[in-house]
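A quick write-up on the structure given underneath.
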Amino acid sequence: MISGFSGSCRHFSIFIIRRLLSTQQRNLSRNVPPYENPDRSYMELSQKFYESMKTCAKIQSRPLAQGLHCQLITTGLDISTFVKNNLVTMYSGCGLVHDASLVFNEIELKNVFSWNVMIEGFMGLGRVVDAKKLFDEMPQRDIVSWNSVMSGYFRNGFIEKTLEVFVLMVRCFECVPDAYSFACVMKTCASIKDLNLAMQVHGFAQKFEFFGDSVESSMIDMYIKCDMPEIAESIFLKLQNPNMFSWNSMIYGYSKLYGAQSALKLFDQMPKRDVVSWNMIISILSKHGNVMKTLDMFIEMCSQGFRPNSMTYASVLSSSASIYELTWGAHLHARIIRLQHSIDAYVGSSLIDLYAKCACFKNALGVFNEIKDHNIVSWTSLIGGAVYCRNEVEAFSLFKQMRQVPIASDQFTIATVLGACGGLKDVNIGTQIHAYSIQIGIDPLIPVANALITMYAKCGDSQSANNAFELMSHRDIISWTTMITSFSQNGSIEKAREYFDKMPERNVVSWNSMLAGYVNHGFWEDGLKIFVLMRQQGIKPDCITFVSSIGVCANAGMQKLGNQIVSQAEKFGFGSDVSVKNSIITMYSKCGRIEDAEKTFVSISTKNLISWNAMMAGYAQSGHGNQVIDTFEKMIGSGMIPDHISYVSVLSGCSHSGLVSEGHYYFDMLIKDHEIDPTCEHFACMVDLLGRAGLVEKAKDVIDKMPIKSNAAVWGALLGACRIHGNSTMAETALKNLVELDAEDSGSYVLLANLYSDLGNLENVSNVRRIMKDKGIRKNPGCSWIEVDNRVHVFTVDDTNHPRIKDVYNAISPIFTSRVTSWWSTTMKQQFDEQVFDVILDNGKGYRIEGDVYFSVDEFPEYRRLSGRKLEDNRAGERVAVDSRKKNPADFALWKFDWQKKNEEEKAREKE
């Protein structure tokens with residue numbers, strides 16, 4: 001039954017096609033009267049055939065073209081040169097260049113038009129060599145002949161040949177260039193962005209006094225594409241009645257010269273608009289990130305009766321993809337299906353990009369399967385979508401399928417596949433793709449070379465990245481910037497700065513790359529110097545610049561300077577940018593201004609996931625666990641889907657606030673509700689949560705049951721818990737695992753040493769210090785800083801290099817003297833026999849052994865006879881710390897005091 005139905009469908013389809021062709025044949029035949037009619041004149045018959053052949057070429061119907069030719073033979077009109085010229089045009093329009101060539105060769109009295117239409121036919125089908133051969137054989141040429149060859153070369157990508165033909169035409173004096181000639185050569189100048197050549201052509205047009213709509217419109221377009229919109233604007237403003245092409249070009253020019261808002265104002269001034277005008281302004285708004293305005297203009301375009309085309313949909317879909325707006329994208333997809341007969345490769349590629357960025361790769365694959373004619377753009381978009389979704393293996397599989405079709409790879413495909421190699425950090429596959437690019441001859445192209453540099457850099461092979469850079473014959477700003485990023489990622493910040501200084505020209509991305517390199521490696525002062533130098537050289541910062549600069553202030557705790565940079569961001573129009581606002585939240589949080597961070601968070605109209613994460617991280621750092629949870633629940637209620645970073649903030653907040661049950665609840669939600677695989681960061685938070693609550697054994701059980709290998713952060717959290725609760729056995733286990741992980745962080749060793757010291761195990765304290773010495777691990781000295789009069793003053797332990805260090809000591813000496821004297825007179829005398837005190841000195845000479853407290857004889861001469869304790873000498877001026885271990889322990893106190901002066905006074909009194 002089903003097979004019978006499908007067979008009937010096939011017969012019905014064939015019937016429909018035949019009926020359609022016969023209808024077209026009848027419609028064309030109506031224009032051609034029967035040849036028997038003697039009342040029809042030759043001219044009238046020829047005109048009717050001409051109109052039929054023109055229609056046939058327009059609909060590109062090969063059967064109808066051959067049928068018309070048969071009718072011409074039957075009528076005897078095929079001997080006419082006029083008719084045969086139109087036959088050549090018709091066959092060329094239908095893609096039957098061989099038939100067109102046969103008809104051309106049959107023309108006995110070829111005129112210039114005959115040669116021109118045949119040249120145009122060859123050029124239209126890409127047979128450039130045949131067209132040029134025919135052009136050289138022409139006995140006589142007119143301006144159309146020259147223009148046909150020039151435009152043909154340009155359409156087929158032979159830019160240099162286009163210029164050569166124009167120069168030859170001028171030099172041979174056969175023809176004077178017309179407006180079409182200048183329009184063609186100006187398009188050529190625009191395509192290669194050669195400003196010098198453009199100005200020469202402009203002067204040449206003035207010499208021949210060619211000034212009309214087409215020439216001046218081409219000039220405007222040429223100067224805009226040569227990055228000289230100022231000249232284009234001066235030409236445009238002199239036009240009394242600019243045509244539609246001039247308006248459309250100038251809208252784009254204004255977007256480059258003054259920005260999207262100025263382009264929108266010019267668009268509003270247009271006396272009338274076409275689809276190109278709407279596409280232009282929608283594309284500009286989309287590229288400048290004005291997503292909501294882009295969508296508004298699309299709706300207005302449709303409401304005014306204009307029918308969107310592929311260009312329109314591509315721009316709107318790109319805007320939706322930029323903010324991961326899946327709802328709008330799905331709505332547009334439905335509209336396209338409803339109004340379009342099929343999805344072309346251009347719109348399909350945009351849909352693939354949208355679904356991939358919204359993590360819906362299956363939908364992207366479904367769109368790809370709906371596209372009838374796959375081209376290199378659609379394949380590259382799908383491969384890029386797989387790479388974006390971190391599915392590099394699928395990307396390689398798709399690349400293999402594309403080659404089997406076969407479809408030839410272009411520079412952008414290879415660059416995308418190299419991106420997949422970089423994502424996997426697989427230099428072996430990357431090397432193979434590199435070899436393949438050499439084989440097909442596209443390795444010298446700038447996009448491929450830049451992708452090679454990035455790939456080798458991500459794989460940690462700086463030498464190969466540098467080799468690829470050095471082998472480039474032409475380098476653009478992206479090449480230099482990629483190289484700077486490569487060195488920065490691999491820790492060679494000095495080399496990155498060397499290449500930055502060598503750059504022939506820089507843009508804001510180059511500056512941002514160097515700034516980010518300094519910031520990521522902790523060179524905050526150098527980062528700020530780059531920002532200042534950037535502003536001094538007149539480079540206009542973008543949102544990335546402000547995000548990095550505010551990040552510097554956040555890490556360095558420089559709130560005043562941060563406020564100044566925030567003001568500059570407002571001045572340049574980035575105050576409402578969500579990325580900038582997110583960095584401001586982080587800065588205020590790290591500077592302890594959690595209320596200001598809250599205000600900034602509330603002021604964000606359209607919060608993204610990073611906004612919520614930044615606010616939750618700020619609460620967690622400030623110990624506001626309940627606020628973290630409240631913010632997380634609000635984020636879930638808003639429809640935002642949390643990621644692994646969101647859960648790190650929540651679990652960290654629970655840990656700092658002792659919310660054990662809540663921590664367990666959200667850890668289960670992480671796995672069950674959102675199907676996120678926990679990372680070591682999540683497990684470290686859980687270990688820290690349980691450890692702080694005294695559940696050290698349960699914390700160890702969490703580590704033992706981890707489905708992934710634990711890292712230093714996890715064992716470090718357990719070690720910290722052991723120090724708090726005095727569990728030396730578990731601490732030794734934690735440190736053993738840290739040593740196996742080759743963790744060279746001094747903090748873990750210091751924690752264990754402090755734990756042993758607390759327990760009075762001096763031998764193990766000595767062992768830990770010996771291990772640190774053998775491994776070459778040194779404790780990082782304590783560091784603090786203060787901002788005074790817009791200058792940051794940094795102080796480190798035992799550092800006396802500050803220019804005003806004596807003034808500092810003189811200022812704090814009386815304060816410490818009074819505090820130490822008061823403490824010893826009240827606490828030490830009253831509680832010495834009731835409790836045990838630990839005295840820890842930097843040089844290791846002050847410690848407790850079995851209840852005996854060792855002090856410096858010179859520093860505390862008045863307490864020499866206290867309970868008969870054994871005393872040892874200690875240098876003056878060392879750091880002294882006392883830790884009370886009662887049920888209600890005293891606060892930990894650190895003093896640095898110049899005891900030498902006190903000792904000298906004591907000796908002077910003894911002499912007296």
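The values are calculated or read from the model by the stated rules, or taken from the named source; none is laboratory data. Since this is a predicted model, take the numbers as computed values, not measurements. Because the Cβ atoms are built from the backbone with ideal geometry, glycine has one as well, and the counts that use them run over all protein chains shown. For the accessible areas, the whole protein counts, side chains as well, though only heavy atoms, and no ligand, DNA or RNA atoms are used. Shrake-Rupley method; radii C 1.70, N 1.55, O 1.52, S 1.80 Å.
None of Gly592, Gly618, Gly623 is touching a residue at least 24 places away in the same chain (Cβ under 8 Å), in a helix (DSSP H, G or I), in contact with a helix residue (DSSP H, G or I) (Cβ under 9 Å, 6 or more places away or on another chain) and over 26 Å from Met292 (Cβ atoms) except Gly618. Of the candidates Lys272, Lys207, Lys193, Lys238, the single residue that is on the phi > 0 side of the Ramachandran plot, surrounded by fewer than 16 Cβ atoms within 10 Å (Cβ to Cβ) and not β-branched (Val, Ile, Thr) is Lys193.
Annotation for the stretch 244-252: no member residue is surrounded by fewer than 16 Cβ atoms within 10 Å (Cβ to Cβ) and small (Gly, Ala, Ser). Among residues of the stretch 526-551 that are under 23 Å from Glu498 (Cβ atoms), those with a beta-carbon under 7 Å from a residue that is open to solvent by less than 60 Å² (accessible area, probe 1.4 Å) and not in a helix (DSSP H, G or I) at least six positions away or on a different chain give the pairs Met534/Pro541.
Tell me, which residue of the stretch 365-397 that is touching a Ser or Thr at 6+ places or on another chain (Cβ under 7 Å), closer than 15 Å to Ala314 by Cβ and among the hydrophobic types (A, V, I, L, M, F, W, C) is surrounded by the fewest Cβ atoms within 10 Å (Cβ to Cβ)? Restricting to residues being touching a Ser or Thr at 6+ places or on another chain (Cβ under 7 Å), closer than 15 Å to Ala314 by Cβ and among the hydrophobic types (A, V, I, L, M, F, W, C), the top hit is Val377.
Condition check: under 25 Å from Arg335 (Cα atoms) and out of contact with any strand residue (DSSP E or B) (no Cβ under 6 Å at 6 or more places or on another chain). Does Asn375 satisfy that?
Details: under 25 Å from Arg335 (Cα atoms): yes; out of contact with any strand residue (DSSP E or B) (no Cβ under 6 Å at 6 or more places or on another chain): yes.
Yes, satisfied.
Among the residues of the stretch 210-235, those identified as within 20 Å of Val170 (Cβ to Cβ) and open to solvent by less than 70 Å² (accessible area, probe 1.4 Å) are Phe210, Gly212, Ser214, Val215, Ser218, Met219, Met222. Residue pairs whose Cβ atoms lie under 9 Å apart, sitting 6 or more positions apart in sequence or on different chains, and linking a residue in the stretch 426-438 that is over 12 Å from Phe399 (Cβ atoms) to a partner that is surrounded by fewer than 17 Cβ atoms within 10 Å (Cβ to Cβ), are Val427/Gly460.
Whether any residue in the stretch 399-409 is surrounded by fewer than 24 Cβ atoms within 10 Å (Cβ to Cβ), touching a helix residue (DSSP H, G or I) at 6+ places or on another chain (Cβ under 9 Å), more than 28 Å from Ile453 (Cβ to Cβ) and not polar (S, T, N, Q) is what I want to check. Among the residues of the stretch 399-409, at least one is surrounded by fewer than 24 Cβ atoms within 10 Å (Cβ to Cβ), touching a helix residue (DSSP H, G or I) at 6+ places or on another chain (Cβ under 9 Å), more than 28 Å from Ile453 (Cβ to Cβ) and not polar (S, T, N, Q), which makes the answer yes.
Residues in the stretch 528-541 that are surrounded by fewer than 16 Cβ atoms within 10 Å (Cβ to Cβ) and under 28 Å from His474 (Cβ atoms): 4 in all. Being touching a helix residue (DSSP H, G or I) at 6+ places or on another chain (Cβ under 7 Å), open to solvent by 60 Å² or more (accessible area, probe 1.4 Å) and not in a helix (DSSP H, G or I) is the filter here; which residues of the stretch 600-615 pass it? Scanning the stretch 600-615 gives a single hit, Thr606. Looking across the stretch 106-122, the residues that are surrounded by fewer than 19 Cβ atoms within 10 Å (Cβ to Cβ), within 25 Å of Met150 (Cβ to Cβ) and not hydrophobic (A, V, I, L, M, F, W, C) come down to Lys110, Asn111.
Just give me the residues in the stretch 677-701 being hydrophobic (A, V, I, L, M, F, W, C) and open to solvent by 30 Å² or more (accessible area, probe 1.4 Å), in sequence order.
We begin by selecting, within the stretch 677-701, every residue hydrophobic (A, V, I, L, M, F, W, C); these are 680, 683-687, 689-690, 693, 695-696, 699.
Hits for the stretch 677-701 are Ala693, Leu695.
When you go through Asn512, Asn520 one by one, which is the residue that is of a type outside the set (A, V, I, L, M, F, W, C) and either more than 23 Å from Phe572 (Cβ to Cβ) or surrounded by fewer than 19 Cβ atoms within 10 Å (Cβ to Cβ) (or both)? Result: Asn520 is the single residue among Asn512, Asn520 that is of a type outside the set (A, V, I, L, M, F, W, C) and either more than 23 Å from Phe572 (Cβ to Cβ) or surrounded by fewer than 19 Cβ atoms within 10 Å (Cβ to Cβ) (or both). Considering every residue within the stretch 348-364, establish whether at least one is over 26 Å from the mean Cα position of the chain (by Cα) and surrounded by fewer than 24 Cβ atoms within 10 Å (Cβ to Cβ). Within the stretch 348-364, not a single residue is over 26 Å from the mean Cα position of the chain (by Cα) and surrounded by fewer than 24 Cβ atoms within 10 Å (Cβ to Cβ). Looking across the stretch 159-177, just one residue is outside any helix (DSSP H, G or I) and surrounded by 18 or more Cβ atoms within 10 Å (Cβ to Cβ), and that is Pro177. Filtering the stretch 189-234 to residues that are at pLDDT 85 or above and of a type in the set (Asp, Glu) leaves Asp221, Glu230, Glu233.
In the condition set (1) surrounded by 17 or more Cβ atoms within 10 Å (Cβ to Cβ); (2) over 21 Å from the mean Cα position of the chain (by Cα), Phe500 is compliant with all but (2).
Here is a list: Glu570, Glu525. Which entry is open to solvent by 50 Å² or more (accessible area, probe 1.4 Å), under 17 Å from Ser488 (Cα atoms) and either in contact with a Leu (Cβ under 6 Å, 6 or more places away or on another chain) or at pLDDT below 90 (or both)?
Going through Glu570, Glu525 in turn, the sole match is Glu525.
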